[in-house]
Amino acid sequence: METFPVLIKKNLAVFEGVKTVEYVVEMLNIRKEFGNFVANDNITLQLKKGEIHALLGENGAGKSTLMNVLFGLYQPEGGEIRVRGKKVDITNPNIANDLGIGMVHQHFMLVENFSVTENIILGSEPTKLGVTNKKDAAQKVQALSEQYGLNVDPYAIIEDISVGMQQRVEILKTLYRGAEILIFDEPTASLTPQEIIELTQIMKRLVAEGKSIILITHKLKEIMDISDRVTVIRKGEGIGTVVTSETNPSELASLMVGRQVEFTTEKGPAFPKDEVLDIHNLVVEDYRGVEKVKNLNLNVRKGEIVGIAGIDGNGQSELIEAITGLRKVKSGTIRINEKDVTGLKPRKVTESGVGHIPQDRHKHGLVLDFPIGHNIALQTYYKSPISKNGIIDYDKINEKAKQVIADFDVRTQGPHEPARALSGGNQQKAIIGREVDRDPDLLIAALPTRGLDVGAIEFIHSRLIEQRDNGKAVLLISFELDEVMNVSDRIAVIHDGEIVDIVTPETTTEQELGLLMAGHKNGAGVKGVDKEGEDQHVE
Amino acid sequence: MSNRATNILVPLISVILGLLVGAIIMLVSGYNPIRGYTALWNGIFGDLYTIGETLRQITPYLLAGLAVAFAFRSGLFNIGVEGQLIVGWFAAAYVGVAVELPKIIHLPLAILAAAVAGALWGFVPGLLKAKFRVHEVIVTIMMNYIALHVTNALIKTVSGGGDRTELIFTSASLRSEFLQNLTEFSRLHYGILLALVMVGVMWLILEKTTLGFELKAVGFNQNASEYAGMNVNKNIILAMVISGAFAGMAGAMEALGTFEYVSSKGGFTGIGFDGIAVALLGMNTPIGVIFGATLFGSLKYGALNMPNEAQIPMEIVEIVIAVIIFFVASGYVIRLFLLRAANKKKEVK
């Protein structure tokens with residue numbers, strides 16, 4: 001542990017020697033307060049021309065605040081910002097734009113039924129004789145797209161193109177407006193692995209063409225892959241800046257969290273007992289009447305974690321919704337503790353001993369405008385001891401909330417804070433706390449660590465394993481192979497609505513799983529291919 | 001600037017600005033604003049009689065405001081308060097006229113009839129929304145017209161071809177000798193107390209019951225509510241039924257208190273529509289509705305005195321009143337200006 005400060009000093013020393021380096025953006029000793037809360041304390045970030053500079057920190061560490069200061073959305077209480085050596089006062093985003101700073105937001109700001117070009121020119125439409133001149137704009141978009149290898153069709157409609165493509169439109173938008181400094185806010189959060197590779201290439205191309213990039217992220221792998229330097233912040237404080245090639249993921253994780261972090265969760269062998277969940281010949285349709293789950297069979301026993309590995313859209317969502325009563329079952333049966341729960345209402349399923357960490361925490365998991373305390377009571381508000389004869393005792397809710405907040409390390413100002421105000425990681429911890437605290441026999445965890453940092457992921461994984469060790473059944477759905485491999489005792493691979501194979505993490509490889517997920521049924525044949533042609537399948 | 005200071009300053013500045021702009025309007029139309037506002041003041045607080053009448057005017061606004069606010073809190077826009085009020089008015093008057101019973105039974109029965117009629121009128125759009133996802137705004141607007149003309153037809157039948165019913169039996173009346181004596185024989189009736197009790201009822205439902213918890217959850221996020229095992233459709237229907245019951249009771253105030261009869265109407269009463277503004281001014285909270293209803297009721301009633309005492313034509317009066325309410329509703333804008341001013345000050349420092 002003593003080695004961190006030394007390491008930082010060593011790396012900082014490297015830069016003190018080279019004063020001549022030209023910085024395009026310097027944020028020096030930035031301080032930002034919200035009331036009594038200090039979101040940024042003495043943070044320094046210096047961006048060199050032509051580099052990819054990662055800004056690393058846990059959820060809620062103050063990364064977004066710092067970038068909003070740079071983008072003119074917040075005014076700092078202390079420190080100064082220099083752009084190309086000159087001190088600047090960025091009081092609103094227009095000034096940031098004029099200084100050539102562009103932001104690619106995590107949640108895209110696009111009009112769904114407009115074309116790519118229309119979205120890009122929105123707000124500064126070029127006109128010819130008073131009529132919007134889309135043709136010239138489209139040509140300019142085309143040219144930019146080719147220059148940076150973005151491969152975007154200027155006439156495509158946003159809702160028709162993939163998420164990765166929509167992100168490129170966001171990038172084009174900043175380039176079209178003459179951005180020289182691009183801020184990427186968690187750009188890979190909603191991308192598929194293939195799209196992430198493409199984005200990496202695009203970012204490298206942008207830098208090669210002379211742009212400078214700040215990459216906000218908490219994914220260590222990305223940082224190691226593409227960044228030149230990393231500035232780490234922890235709980236609002238600037239920890240330091242290190243050169244990527246001189247560090248490693250575990251050092252970065254320690255800097256970020258402030259303690260040693262384990263990447264693979266420790267877990268002993270499983271001792272599975274009676275069956276808790278038994279799914280037999282399940283068929284589920286989506287809202288259009290297309291069969292998304294086809295004759296699926298699966299069981300989960302007490303004391304084991306079954307991971308469902310698969311590519312997004314292969315029936316995982318429909319499967320979970322069918323189990324939890326949120327979606328109608330076309331045929332087949334679902335039993336929990338030997339009781340038939342097929343077609344029961346969500347509350348009845350919940351009361352049969354099911355906990356559900358939903359895939360989309362904003363849509364299903366939380367009532368964002370409710371205080372976090374209400375959210376923690378979302379499954380139990382109607383039951384004793386919280387309610388008696390339809391009257392809620394809010395003191396009991398807050399009591400419960402305080403206990404869950406403490407047990408699950410939810411960082412919040414208290415039960416009265418709106419759920420919306422919490423960072424993503426803490427929102428997720430609150431949901432997991434709510435579900436695990438009810439001690440369900442079956443815990444369904446759908447993408448439980450999506451968008452979370454290593455510290456939170458470690459915490460959540462250990463909680464899932466703890467449930468298992470307490471003799472409960474856990475069904476984990478994940479798109480991340482690492483997660484499935486690390487946490488599960490058995491892995492069921494889903495493809496096109498069917499479980500194509502069930503394997504154990506000890507006897508399989510990521511390559512084999514990858515092939516199974518792609519629909520190559522029959523493990524034996526796959527393994528043969530796997531051994532010989534490993535390189536072709538690993539990126 | 002502290003939060004508390006802005007909370008007091010904002011409504012104050014809003015009202016002052018509204019009065020100023022209203023004064024300018026009177027000035028350019030050639031009337032004396034000081035006389036105009038004196039007349040308005042006297043029309044609201046002039047003597048015990050006007051105070052009584054002002055309170056009477058506030059009563060239906062309270063209930064109409066509650067009706068709109070309650071639906072809003074459950075994520076529904078009940079534009080049909082007007083129609084629910086009209087059927088409530090008729091139902092209460094009908095029960096008041098049709099039978100004579102001991103007061104202890106008759107009066108509650110008449111009020112209950114109004115609440116049930118309003119609830120029924122709210123149930124239909126609630127059901128259509130829950131079952132078929134038909135937007136409640138469309139249905140409630142249409143239900144308003146149906147209410148207006150159906151009650152007119154019923155009044156004709158009940159009164160044997162006339163355009164108003166008999167006076168209700170005193171056993172169904174909300175009128176109060178005590179309150180009338182207190183206020184120099186205004187029409188102030190016990191309804192104001194009932195309306196205030198209903199403010200408490202709404203607060204209790206929303207803040208103390210599991211039903212209120214569910215209604216608010218559904219209002220904010222239907223997906224999460226469904227995930228949490230709440231019956232979203234049931235809550236939508238219940239919200240509209242309860243909202244309609246409040247609106248129906250607003251009608252009972254007119255039927256059993258102010259007029260003691262129901263007459264056929266050429267158009268809407270406007271109370272239901274003003275209830276939307278009352279609810280929004282009160283930020284959809286029960287306590288806020290008291291504030292909104294007081295403002296609306298006072299201005300509406302006080303304004304009637306402006307043509308008499310200051311000879312300002314009713315058209316100008318209505319513009320002035322609208323301007324004042326407009327400025328109060330624009331409190332957000334004023335808040336923004338105050339914030340900017342505060343920020344500038346900080347920068348100068």
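Along chain B, the longest continuous region that contains none of the chymotrypsin sites (Phe, Trp or Tyr not before Pro) in a DSSP loop with at most 15 other C-beta atoms within 10 Å is B:186-349.
List B:62, A:442 from most exposed to least, where exposure is judged by having the fewest other Cβ atoms within 10 Å. Starting with the residue having the fewest Cβ neighbours, the order is A:442, B:62. Along its principal axes, the stretch A:363-439 has C-alpha extents of 35, 24, 23 angstrom, given from the largest down. Computed on the protein assembly as shown, the Cα convex hull volume stands at 221 Å³ per residue. Applying a length cut-off of 18 Å (Cα extent along the axis) and a mean Kyte-Doolittle floor of -0.5 to the DSSP H helices of chain B leaves B:3-28, B:48-73, B:81-98, B:103-132, B:136-158, B:191-208, B:232-252, B:286-303, B:314-329, B:331-348. With R₀ set to 25 Å, the beta-carbon distance separating residue B:77 from residue B:223 gives a calculated FRET efficiency near 0.80.
Loop by DSSP (not H, G, I, E, B), at most 15 other beta-carbon atoms within 10 Å: where is the longest site-free stretch of chain A for chymotrypsin sites (Phe, Trp or Tyr not before Pro)? Walk me through the numbers before you get to the answer.
On the way: sites that count: A:114, A:155, A:263, A:287.
Formally, the longest exposed-site-free interval is A:288-539.
What GluC sites (Glu not before Pro) in the stretch A:74-159 are in a loop by DSSP, with at most 12 other Cβ atoms within 10 Å of the Cβ? Could you put the intermediate results ahead of the total?
Working: sites: A:77, A:80, A:112, A:118, A:146, A:159; in loops: A:77, A:112.
Answer by residue number: A:112.
Taking a point 7 Å out from the Cα of residue A:128 in the direction of its Cβ, the residues of the stretch A:154-192 whose backbone N falls within less than 18 Å of it are A:154-155.
Can you give the average number of partner chain beta-carbon atoms within 10 Å of each beta-carbon in peptide B:214-222, as a whole number? It would help to have the intermediate numbers written out before the result.
Working: counts 2, 0, 4, 7, 1, 2, 7, 10, 2.
Other-chain Cβ atoms within 10 Å of each residue's Cβ, averaged: 4.
Annotated for the stretch A:280-353: lysine pairs at least 8 residues apart or interchain, Cα distance under 23 Å, count 16. Restriction of the GluC sites (Glu not before Pro) in the stretch A:293-345 to DSSP coil positions whose beta-carbon has at most 13 other beta-carbons within 10 angstrom yields A:338. What is the list of residues in the stretch A:357-401 whose amide nitrogen lies under 15 Å from a point 7 angstrom out from the Cα of residue A:190, following Cα to Cβ? Once the point is set 7 Å along Cα→Cβ of residue A:190, A:360-364 turn out to lie under 15 Å by backbone N, inside the stretch A:357-401.
In this label model, residue B:157 and residue B:234 are separated by 3.5 nm, measuring between points 7 Å along each Cα→Cβ vector. For the stretch A:110-178, what D do you get in µm² per second when you plug the Kirkwood radius from alpha-carbon pairs into Stokes-Einstein at 4 °C and 1.567 mPa s? In µm²/s, the coefficient is 109. Here the spin labels are modelled as points 7 Å beyond Cα on the Cα-Cβ line, and at residue A:156 and residue B:141 they lie 3.9 nm apart. For the stretch A:409-449, the percent of C-alpha pairs falling in each 10 Å distance bin, counted from 0 to the bin holding the largest distance, reads 28, 51, 21, 0. The gain in end-to-end length when the residue A:466 to residue A:391 segment is fully stretched comes to 23.6 nm, 0.36 nm per residue minus the alpha carbon separation. DSSP beta bridges fully contained in the protein assembly as shown are about 55 percent antiparallel.
Only Cα pairs under 8 Å and at least 6 apart count here; give the relative contact order of chain A as a rounded whole percent.
Values: 1057 pairs, mean separation 75.8, N = 539.
This gives 14 percent for chain A.
Could you list, bin by bin from short to long, the percent of Cα-Cα pairs of the stretch A:299-372 in 10 Å steps? It works out to 16, 45, 32, 6, in whole percents. Taking chain B as the region of interest, the number of lysine pairs whose Cα atoms are within less than 22 Å, with members eight or more places apart or on different chains, is 9. The simple Förster model, with R0 at 56 Å and r as the Cβ-Cβ distance, assigns residue B:164 and residue A:290 a FRET efficiency of 0.35. A full extension of the chain between residue B:178 and residue B:209 corresponds to an added length of 7.6 nm, given 0.36 nm per residue minus the alpha carbon distance. Straightening the chain between residue A:264 and residue A:95 buys 56.3 nm, computed as 0.36 nm per residue apart minus the Cα-Cα spacing. Note on chain B: semi-axes of the ellipsoid equivalent to its C-alpha gyration tensor, largest first and rounded to whole Å, are 34, 30, 18. Model label points for residue A:383 and residue A:362, set 7 angstrom from Cα along the Cα-to-Cβ axis, are 3.0 nm apart.
Any read-out appearing in this document is the output of simple, stated calculations on the displayed coordinates, not a laboratory observation. Please read all numbers here as calculations on a predicted model, not as lab measurements. All Cβ positions, even for glycine, are placed from backbone atoms using ideal geometry, and neighbour counts span all protein chains on display.
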